[in-house]
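Structure, as structure tokens:
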Amino acid sequence: MHVTHLSLHDFRSYEQVDVPLSAGTTAFIGANGHGKTNLVEAIDYLATLGSHRVASDAPLVRAGASQAVIRASVVRDERSALLEVEINPGKANRARVNRSQLPRARDVLGWMRAVLFSPEDLALVKRDPSDRRGFLDKLLVLRSPRFAGVKADYDRILRQRNTLLKTAGFARRGTSGDAAVATLDVWDEHLAHTGAELLAARLQLVDALQPYLGTAYARVAADATADRTSAAVTYKPSFELAEAVRDRTVLSEALSAEIARRRKDELDRGISLVGPHRDDLTLTLGELPAKGYASHGESWSFALALRLASYDLLRADGDDPVLILDDVFAELDRGRRDQLAAIVGTAEQVLVTAAVAEDVPDRLTGQRFDVHDAQVTSV
Amino acid sequence: MYEGIVQDLIDELGRLPGVGPKSAQRIAFYILDADPGDVRRLAEVLTVVKEKVRFCITCGNVAESEQCRICADPRRDLSMLCVVEESKDVVAVERTREFRGRYHVLGGAISPIEGIGPDELRVKELMQRLADDTVTEVILATDPNLEGEATATYLTRLLRPLGLRVTRLASGLPVGGDLEYADEVTLGRAFEGRRSIDD
């Protein structure tokens, strides 16, 4: 698929901007802080309903405005569609496809597919489990949008259960918390049921991603020493789980058993300690974990490989996602830069941002825009 | 801002559910323009409704006397009990004219975030009603959302040891709808709850 037109209204630094786009490579060149990333961030937002830079929607709306609008025309299987998302911080966002209102904003997920590479990806290797869970869940939703609903349900069950654990914990220390404890069983059951659905999907996703990751890493880090060329990713649940289990019923039973076993701990601490929200991904390079052992360059290659693998996986599902490279080339040495350029050269649409034109490899030629002070001009 | 009493009216209206500041202003000006007789009737109903309406001592539905019309009706099937969250759900089920049993209104659904547990709902009253064995089937008709499902699960655990038939309303496809427009969750549920058509 590719985007043929992007229009932003009160999004980030843009009051109003219209950018005609086409298949192939498009580069946005401009000094830092002039609004290059904002353009590609908007496209990624349509694909994930989230930003790769901030957790909440408020910073996405131009200072002084009450709502932001992202509009994009996309072509997919030779059919075009107009996607619109209205960002209303503090209120429900709204989405339209071909001018007809969708019941919920999240129903727009699945219309746009994009994979974004950015300097922030380094967090996938170096930082917290939540970064890696976020990566996995976003990819899951890109592949099957229905999981946006499963995830939302799971988060709500978790909030209900955590509130109950807190009150039950307090009550137990004070007078009687019997009523609270009685309803805890109910939330346990729902947490295990919905948690197992999410867990099964994540496990299957990691299985599917694995072969692509191996290939991607070998291509990105062609100069790596022999014992450090094999990159692998494994799912690390928050409790002991037999490795090959993928069946939802079995996972649900395993979760229930573990929840029952940890009940006292959970009541003491007033928080849910078992479930997909406590899981992590283990990234290994050769024999050693990437986190803590990989060099800066290796970490970068790993992060790139994770994104490339996501791209290849989505592509194998049948539809080329839009590939976005946000300020990535400046961070890479010459060898990796050329490797990456060679790999992405075959994508249906590539959007690149860079501070100076020299950062963009020569083989990625195509349309070019200069971005200066929130003005986008074709060169 | 409007002067004194008009702004008071807009503020009061704005506190009603589903009425935002714009709607509140529109209703306020409608009232200012309306026939004084109409407004007086509205005001009377508002005062009387709080004084006269009570909750049925048996089922918790809104009623004008001690018992609601449904509980007082001798033609109702005493062996079936339909458990709902709110009085408005009773009206919804009544409109179907399919159900001839009686109701039990819980007064909400279990939601720890809002501080609602079984003690805040009319669960104890439900258990008392079931004590004398006249009811043989309990139909759980709580909302098909997270909190409603949690409430249904809780009640199922509580009722199963009593040895009566406990059923849950089916969830699935809307009648007269198109399969292609159903969302994945609904369609998934409909698949789970599919039934054989040879009997």
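Every residue, every condition in (1) assigned to a helix (DSSP H, G or I); (2) outside the structural domain of B:V91 (by TED's automatic domain parsing); (3) closer than 18 Å to B:K88 by Cβ; (4) at pLDDT 90 or above, yes or no:
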| residue | (1), (2), (3), (4) |
| --- | --- |
| B:G18 | no, yes, yes, no |
| B:I27 | yes, yes, no, yes |
| B:R41 | yes, yes, no, yes |
| B:V48 | yes, yes, no, no |
| B:I70 | yes, no, yes, yes |
Exercise. Among the numbered criteria (1) modelled with pLDDT of 90 or more; (2) within 30 Å of A:V360 (Cβ to Cβ); (3) part of a loop (DSSP other than H, G, I, E, B), which single criterion is violated by A:G318?
Worked result: (1)
Exercise. Filtering the range A:212-229 down to residues that are closer than 11 Å to A:S310 by Cα and out of contact with any strand residue (DSSP E or B) (no Cβ under 6 Å at 6 or more places or on another chain), which residue is modelled with the highest pLDDT?
Worked result: A:Y212
For this session: Examine the range A:134-145 for a residue that is under 25 Å from A:V61 (Cβ atoms), crowded, with 17+ Cβ neighbours inside 10 Å, within 14 Å of chain B (Cβ to nearest Cβ) and in contact with a Phe, Trp or Tyr (Cβ under 8 Å, 6 or more places away or on another chain), and state whether such a residue exists.
Result: yes
For this session: For residues that are away from chain A (no Cβ under 14 Å) and touching a Leu at 6+ places or on another chain (Cβ under 9 Å), scanning just the range B:94-107, find the one that is farthest from A:N162 (Cα to Cα).
Result: B:G101
Seminar exercise, completed: Reported set for the range B:75-133 where residues are of a type in the set (V, I, T), under 22 Å from B:A170 (Cα atoms) and surrounded by fewer than 19 Cβ atoms within 10 Å (Cβ to Cβ) is B:V91, B:V93, B:T96
Seminar exercise, completed: Selection over the range A:361-379 where residues are touching a Phe, Trp or Tyr at 6+ places or on another chain (Cβ under 6 Å) and surrounded by 14 or more Cβ atoms within 10 Å (Cβ to Cβ) yields a count of 4
Seminar exercise, completed: Within the range B:108-122, of all residues that are β-branched (V, I, T) and either part of a loop (DSSP other than H, G, I, E, B) or more than 7 Å from chain A (Cβ to nearest Cβ) (or both), the one nearest to A:W187 (Cα to Cα) is B:I110
For this session: Go over the candidates A:Q160, A:Q204 one by one and state the one that is assigned to a helix (DSSP H, G or I), away from chain B (no Cβ under 11 Å) and at pLDDT 90 or above.
Result: A:Q204
Seminar exercise, completed: Checked against (1) on the phi > 0 side of the Ramachandran plot; (2) not in a loop (DSSP other than H, G, I, E, B), B:D133 satisfies every condition except (2)
For this session: May I ask you to list the residues in the range A:146-157 that are farther than 12 Å from B:E184 by Cβ, within 11 Å of chain B (Cβ to nearest Cβ) and of a type outside the set (S, T, Y)?
Result: A:A152, A:D153, A:D155, A:R156, A:I157
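The values are calculated or read from the model by the stated rules, or taken from the named source; none is laboratory data. What you see is a predicted model; the values in this text were computed from it and never measured. As a convention, Cβ positions derive from the backbone with ideal geometry for all residues, glycine included, and neighbour counts pool all protein chains shown.
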